[in-house]
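The values are calculated or read from the model by the stated rules, or taken from the named source; none is laboratory data. Bear in mind the structure is a predicted one, so any value in this text is a computation, not a measurement. All Cβ positions, even for glycine, are placed from backbone atoms using ideal geometry, and neighbour counts span all protein chains on display. Note: areas computed on protein heavy atoms with side chains; ligands, DNA, RNA excluded. Shrake-Rupley method; radii C 1.70, N 1.55, O 1.52, S 1.80 Å.
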Amino acid sequence: MSHDLVIRNGTVHDGTGADPVTTDIAISGGTITAIGAVEETGEREIDARGMVVTPGFVDIHSHLDAQIGWDPLLTPSSNHGVTTALLGNCGVTFAPCKPDDREMLARMMESVEDIPAQAILGGLPWTWESYGEYLDALDDLDPAINVAGLVGHCAVRPYVMGERAVGGVATPDELARIAELVAQAVDEGAVGFSTSRILLHLLPDGRYVPGTEAPHEEMVAVAEALGSDGLTQNVPNLGGDFSGEIDLIRKQAQAAGGRVLFSTGVSEDPASGRKMAEVVDSLNDEGLDVTALCIPRPSGLVMGLVNEFYFRGGPWKTLSTMGFEERLAAIHDPAFVAELVDHADKKGWNTPMSQVFPLGDGVPRYADGPDESLQAMADAAGEHPIETFLRIERETDGTALFTVRYFNRSLEAIEELITSDHVLPGLGDAGAHVGQVMDAGWTTFTLRHWARERGAMSVAEAVRRMTSAPARIVGLDDRGVLAPGKRADVNVIDLDRLAESVPSYVHDFPDGGGRLVQTATGYVATVCNGEVIVDHDEHTGARPGEVLRSGGRS
């Protein structure tokens with residue numbers, strides 16, 4: 001007997017957090033058939049000697065809902081070992097949807113997640129109304145990796161309430177219909193429900209997205225309709241009503257008797273990670289099943305000459321309207337540079353230049369400290385920070401990128417939070433804010449920085465937190481662990497070479513629009529459902545991904 005694929009002599013981390021073992025893995029028909037000394041041959045064999053072998057990574061906070069229509073490889077997530085992505089986070093989804101509401105949902109997604117509405121409208125088939133029909137349409141797109149979906153509050157409320165969905169209070173009949181529609185979506189394959197209460201998520205006209213101000217009674221009714229089989233995903237308004245939002249999470253978990261997931265982060269205070277971890281721990285100590293997600297590094301706007309500027313108005317507005325070559329020529333003009341510096345200096349900025357960091361030209365420098373900030377570089381050179389920024393852009397022919405750290409400024413706090421019992425690394429937002437943010441490589445960063453370099457967690461524990469732990473939260477019992485009978489989603493990783501690349505800016509949207517992308521090195525192979533989709537850091541073109549539905553259906 002032969003196998004479709006045999007991975008030999010790898011250091012196998014099975015996803016449970018157990019110590020690794022050096023062994024073989026045999027795969028046939030998309031399923032792991034044996035782990036141990038495999039004497040039979042494979043139609044293809046991978047020599048994994050000296051390599052780390054893991055389950056495929058499970059990314060449970062993505063916004064690939066639109067991109068799947070024109071980029072079935074789902075880059076750059078699939079560049080970073082992700083074999084399953086959860087769509088429909090933050091309440092913004094494309095189903096259920098009445099035909100007349102398609103543009104409304106597309107423009108809402110554009111406003112909240114920075115995905116161009118015209119690309120959404122032109123890049124997806126829009127052949128559905130119900131959530132089950134939506135999943136059927138995704139099936140027809142033949143993605144390279146697996147996807148699962150949440151049904152969003154921002155779609156359900158308008159479907160039931162029409163214009164009153166924004167800011168209105170549901171009548172008893174409407175509330176019953178909202179809960180019924182969510183339950184129906186789960187019956188049709190959604191793995192849960194998502195909502196956004198953060199006041200930063202706005203419609204194009206500046207109003208809060210549907211559901212932001214929904215009373216607790218509505219959220220509890222939805223949780224009861226979900227029951228213990230469904231996931232509730234929240235983007236809470238922790239900055240505005242911390243105790244009230246934590247209490248709502250508690251009510252949701254109690255009402256559903258199931259899993260609740262929410263997004264969180266840390267401040268500049270090194271103790272903020274420990275404090276947030278204690279809150280999540282206390283919810284679980286009450287017998288609830290609550291997990292938080294946190295970006296595993298400082299994050300914010302990625303800016304450079306190729307994409308966005310942090311600075312606005314005046315000569316910066318003029319610069320932003322230019323093409324790249326014009327921009328590069330303009331910053332070589334001393335008089336124009338003086339205008340840029342003067343305008344930025346007079347207008348000021350909310351984020352200090354001590355929180356702006358160059359990414360460098362090798363492995364991106366996400367973990368640099370204060371001495372490597374733009375302000376520190378300017379002080380050392382005797383320059384204004386804007387002069388330093390523009391000088392570096394000139395010296396690199398406009399390729400330099402900088403991170404403006406809006407979020408998670410304390411690495412010490414991040415470490416405490418993502419190594420606590422009920423908080424996982426993630427929140428990479430793949431597919432969203434595509435011209436401004438690039439955190440889709442969070443899996444690679446977690447393994448390289450927190451496990452290999454920092455030693456904040458073992459490789460085995462880092463793998464668990466990116467595989468079996470998130471798979472459990474989504475309700476996937478056939479993935480996230482390497483064991484006979486499980487689906488064959490596998491990574492073979494050269495840990496010594498594992499690294500993210502510096503992001504680049506490409507124009508590959510259906511309307512010609514641009515986005516940031518980020519590749520990686522060290523992925524010897526990524527296998528999805530038994531087929532190799534990445535071979536030595538390059539996509540093979542294979543598209544074996546499945547739409548994973550509630551109840552283990554695909």
Revision key, fill the gap. Residues of segment 70-109 being of a type in the set (Ser, Thr, Tyr), part of a strand (DSSP E or B) and in contact with a Ser or Thr (Cβ under 8 Å, 6 or more places away or on another chain), in sequence order, are 83
Exercise for review: Just need a number here: residues in segment 440-454 that are more than 22 Å from residue 517 (Cα to Cα) and in a helix (DSSP H, G or I).
Suggested key: 4
Review point. From the list 248, 293, which residue is touching a strand residue (DSSP E or B) at 6+ places or on another chain (Cβ under 9 Å) and over 30 Å from residue 445 (Cα atoms)?
Key: 248
Practice item. State all residues of segment 177-200 that are assigned to a helix (DSSP H, G or I) and open to solvent by 60 Å² or more (accessible area, probe 1.4 Å); if no residue qualifies, say none. Key: 177, 180, 184, 187
Check your understanding: Can you name every residue in segment 25-69 that is outside any loop (DSSP other than H, G, I, E, B), more than 28 Å from residue 231 (Cβ to Cβ) and open to solvent by 10 Å² or more (accessible area, probe 1.4 Å)?
Key -> 28, 33, 34, 35, 36, 42, 43, 44, 45, 46, 47, 52
Exercise for review: Test residue 152 against the stated conditions and say whether it is open to solvent by less than 10 Å² (accessible area, probe 1.4 Å) and in contact (Cβ under 8 Å) with a residue 12 or more places away in the chain.
Suggested key: yes
Study note, to complete from the structure: Only one of (1) hydrophobic (A, V, I, L, M, F, W, C); (2) open to solvent by 10 Å² or more (accessible area, probe 1.4 Å); (3) under 20 Å from the mean Cα position of the chain (by Cα) does not apply to residue 473, and that is (2)
Check your understanding: Of the residues that make up segment 379-396, is at least one at pLDDT 95 or above, over 19 Å from residue 262 (Cβ atoms), surrounded by fewer than 21 Cβ atoms within 10 Å (Cβ to Cβ) and in contact with a Ser or Thr (Cβ under 7 Å, 6 or more places away or on another chain)?
Key -> yes
Review point. Which one is most open to solvent (accessible area, probe 1.4 Å) among residues in segment 286-332 that are closer than 30 Å to residue 253 by Cβ and in a strand (DSSP E or B)?
Key: 289
Revision key, fill the gap. Listed by first then second residue, the pairs whose first member lies in segment 118-132 and is β-branched (Val, Ile, Thr), whose partner is surrounded by 20 or more Cβ atoms within 10 Å (Cβ to Cβ) and in a loop (DSSP other than H, G, I, E, B), with beta carbons under 7 Å and at least 6 positions apart or on separate chains, are 120/66
Review point. Among the β-branched types (Val, Ile, Thr), over 28 Å from residue 502 (Cα atoms) and not in a loop (DSSP other than H, G, I, E, B), is that true of residue 112?
Key: no
**Study point:** Near pairs, Cβ below 6 angstrom, 6+ apart or cross-chain, from segment 251-272 (of a type in the set (Ser, Thr, Tyr)) to any residue that is at pLDDT 95 or above
**Key:** 263/235; 263/293; 263/427; 264/276; 264/292; 264/294; 272/266; 272/413
Review point. Which ones in segment 342-365 are assigned to a helix (DSSP H, G or I), open to solvent by 20 Å² or more (accessible area, probe 1.4 Å) and either in contact (Cβ under 8 Å) with a residue 12 or more places away in the chain or not acidic (Asp, Glu) (or both)?
Key: 343, 345, 346, 347, 354, 355
Check your understanding: Considering only segment 116-128, how many residues are farther than 29 Å from residue 529 by Cα and in contact with a helix residue (DSSP H, G or I) (Cβ under 7 Å, 6 or more places away or on another chain)?
Key -> 3
Exercise for review: Output the number of the condition that residue 229 fails; it satisfies all remaining conditions of (1) without any contact (Cβ under 8 Å) to a residue 60 or more places away in the chain; (2) under 25 Å from the mean Cα position of the chain (by Cα).
Suggested key: (1)
Practice item. For segment 447-454, indicate whether the set of residues that are at pLDDT below 95 and open to solvent by less than 10 Å² (accessible area, probe 1.4 Å) is non-empty. Key: no
Review point. Within segment 7-21, which residues are more than 17 Å from residue 477 (Cβ to Cβ) and not small (Gly, Ala, Ser)?
Key: 7, 8, 9, 11, 12, 13, 19, 20, 21
Check your understanding: Yes or no: residue 213 over 22 Å from residue 62 (Cα atoms) and part of a loop (DSSP other than H, G, I, E, B)?
Key -> yes
